[in-house]
Amino acid sequence: MSTSKQIAIVFRQPPYGSSFAREALDTAMAAAAFDQKVSLVFIGDGVWQLIANQQPQAIGQRSLEKQLATLPLYDVDRLYADAAALSQRGLHTGDLSLPVEVLDSDAIATLLKQQDVVLSF
Amino acid sequence: MLHIVNKSPHGNPALRDCLRFCDRNDVLLLIEDGVYAAIGEHPESLLAVTPNIRVLSEDLNARGLLGRIDSRVTAVDYAGFVQLCCEHHPIQSWF
Amino acid sequence: MSTFALLVLGAPHSTSAEQSAWHFSQALLAAGHRLFRVFFFHDGVQCGNALQLPTAAGTAVPIRWQQLARDHHVDLVVCVASALKRGVVNAEEAERHQLGAGNLAEGFDLSGLGQWIEACILADRVVTFGP
């Protein structure tokens, strides 16, 4: 596929309580595999997906953190997190499992408007 | 861009979250249970963000709300919903 | 004329996603636009389950999508990963996993997220109907 669109995947849900987090990430990886310009935007409870040291084995789920760690293999490096979502949850970038650019809501709104496609989960 | 919200503002953060990333140039379309945000005190908080509030008339009518919406909110039918999608993009759904 | 791709994330009846998507599809086709593909993902895969009876309100969910697909050459794709774990299985997968009969409705294809990404690339407008 020669066309490369700007596709943002917006992550709004926490991990493990529903399948949305994993489905969003699978979608992001599929877009990257098709050479699209993928941005991952974590807002609201979606920022919880970024926490380090997730141990979901006892609840019978695969680690979302480990799946996120494979993003560089797909050349996905545009990761953004909502500053207010992090601070409301008492989170700092040091708590996160991978590097993200922290943006305020205006910057995220601008980013979303620049996309060809926005897929929000 | 076009934002589509399908949840009532009571008890679900979809609308509140949407409004944080919406601005005056965007259109906000309320569908399904989202139409309840077009009634009573809610439209004020929406209009503070953007004047372009639309609500799906088929979903309003299903809920017995036609005629109860704020005068500053515009009802559109499914044909209007399609038109909004043609005129604005990207399109983000909040649920 | 615009080309649309739709994502359906909700199970029929439990949420309005499928219903809204179907009415939206009718409206866009009536306006002369093209509906390239509808991708059923998350609980939306249940839309492709053939074992659904109609309600008093009318046609069974998979049948009305089949009619739409037939009349307007629309691609209906059910996400294979989401479907298999939720018990929506085509004949091939049913045989592979020794499940007896498959239940994927005719007119629906079981495939991967690549089909959804392709639709996003080819469409002018992409709309999600969430649960």
- Item | Every residue from the stretch B:59-83 that is at the interface with chain C (Cβ under 10 Å from one of its Cβ atoms), closer than 15 Å to C:SER20 by Cα and outside any loop (DSSP other than H, G, I, E, B) | B:ASP59, B:ALA62, B:TYR78, B:ALA79, B:GLY80, B:PHE81, B:VAL82
- Within the stretch A:46-61, residues surrounded by fewer than 22 Cβ atoms within 10 Å (Cβ to Cβ) and free of Cβ contacts under 8 Å to residues at least 40 places away in the same chain come out as A:GLN55, A:GLN57, A:ALA58, A:GLY60
- Looking at B:ASP33, B:ASP59, which is the one that is of a type in the set (Asp, Glu) and buried (at least 22 other Cβ atoms within 10 Å of the Cβ)? B:ASP59
- Test each condition in (1) in contact (Cβ under 8 Å) with a residue 60 or more places away in the chain; (2) more than 14 Å from chain B (Cβ to nearest Cβ) for C:GLN98 and report the one that comes out false. (1)
- Filter the stretch A:68-91 for residues that are more than 16 Å from the chain's Cα centre (by Cα) and part of a loop (DSSP other than H, G, I, E, B); which is farthest from B:ASP26 (Cα to Cα)? A:GLY90
- Message: So if I check each of C:ASP75, C:ASP43, which one is under 23 Å from A:ALA30 (Cα atoms), within 14 Å of chain A (Cβ to nearest Cβ) and in contact with a Leu (Cβ under 9 Å, 6 or more places away or on another chain)?
- Response: C:ASP43
- Message: Any residue in the stretch A:14-34 that is more than 7 Å from chain C (Cβ to nearest Cβ) sitting within a Cβ distance under 9 Å of a residue that is assigned to a helix (DSSP H, G or I) and of a type in the set (Ser, Thr, Tyr)? List the pairs, counting only those 6 or more apart or interchain.
- Response: A:ALA28/A:TYR74; A:MET29/A:TYR74; A:ALA32/A:TYR74; A:ALA33/A:TYR74
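Every number here is computed from the coordinates shown, using simple stated rules; none is lab data. The model shown is predicted, which means the values in this text are computed figures rather than measured ones. Methodologically, a virtual Cβ is constructed for each residue, glycine included, from the backbone with ideal geometry; neighbour enumeration extends over all protein chains shown.
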